[in-house]
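> Handing you a structure now.
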Amino acid sequence: QVQLVESGGGLVQVGGSLRLSCAASGRTFSTRTKAWFRQAPGKAREFVATINWSGGSTLYADSTKGRFTISRDNVQNTVYLQMNGLDFEDTAVYYCAARSSGIATNSASYAYWGQGTQVTVSS
């Protein structure tokens with residue numbers, strides 16, 4: 001059984017920062033690759049960033065590159081998403097996802113999902 005629990009969402013002003021966390025438990029060998037996706041109201045879920053097991057390989061969506069940073073602590077079995085320079089378009093529910101190995105940007109490639117954490121950017 002794999003469980004992913006996100007935290008760190010909230011209300012932030014334009015230009016502000018937030019750090020999301022995703023704690024994983026259960027069969028860690030099934031969750032070596034972690035990713036963040038987001039879904040805004042009325043829109044499809046979209047890829048945000050992903051990181052491999054070692055942390056040596058990361059990939060970002062064009063919309064988040066240079067503003068967001070994904071990282072991980074394998075001792076704590078936690079992945080983070082540092083979000084800087086937040087804008088209205090970043091308002092969404094952010095989901096943590098995991099798969100056994102390999103970088104992927106397609107949500108269908110991820111077997112495990114958290115419940116999501118709301119990020120709201122206001123003026």
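What follows is calculated from the coordinates using simple rules that are stated; it is not laboratory data. As the structure is a computational prediction, the values presented were derived from the model and not from experiment. Here the Cβ positions follow ideal geometry from the backbone for every residue, glycine too, while neighbour counts run over all protein chains shown.
> Considering only residues of the stretch 53-66 that are closer than 12 Å to Ala104 by Cα and not β-branched (Val, Ile, Thr), which is surrounded by the fewest Cβ atoms within 10 Å (Cβ to Cβ)?
Ser57
> One residue is enough: does the stretch 38-52 have a residue meeting the conditions of a type outside the set (Asp, Glu), surrounded by 13 or more Cβ atoms within 10 Å (Cβ to Cβ) and under 16 Å from Val5 (Cα atoms)?
Checked against the condition, which is being of a type outside the set (Asp, Glu), surrounded by 13 or more Cβ atoms within 10 Å (Cβ to Cβ) and under 16 Å from Val5 (Cα atoms), the stretch 38-52 yields at least one hit.
> While we're looking at this one, here's another question. Of all the residues that make up the stretch 11-29, how many are in a strand (DSSP E or B) and more than 15 Å from Gln118 (Cα to Cα)?
4
> Name the single residue that is surrounded by the fewest Cβ atoms within 10 Å (Cβ to Cβ) among those in the stretch 67-86 being closer than 21 Å to Arg27 by Cβ and over 10 Å from the mean Cα position of the chain (by Cα).
Val75
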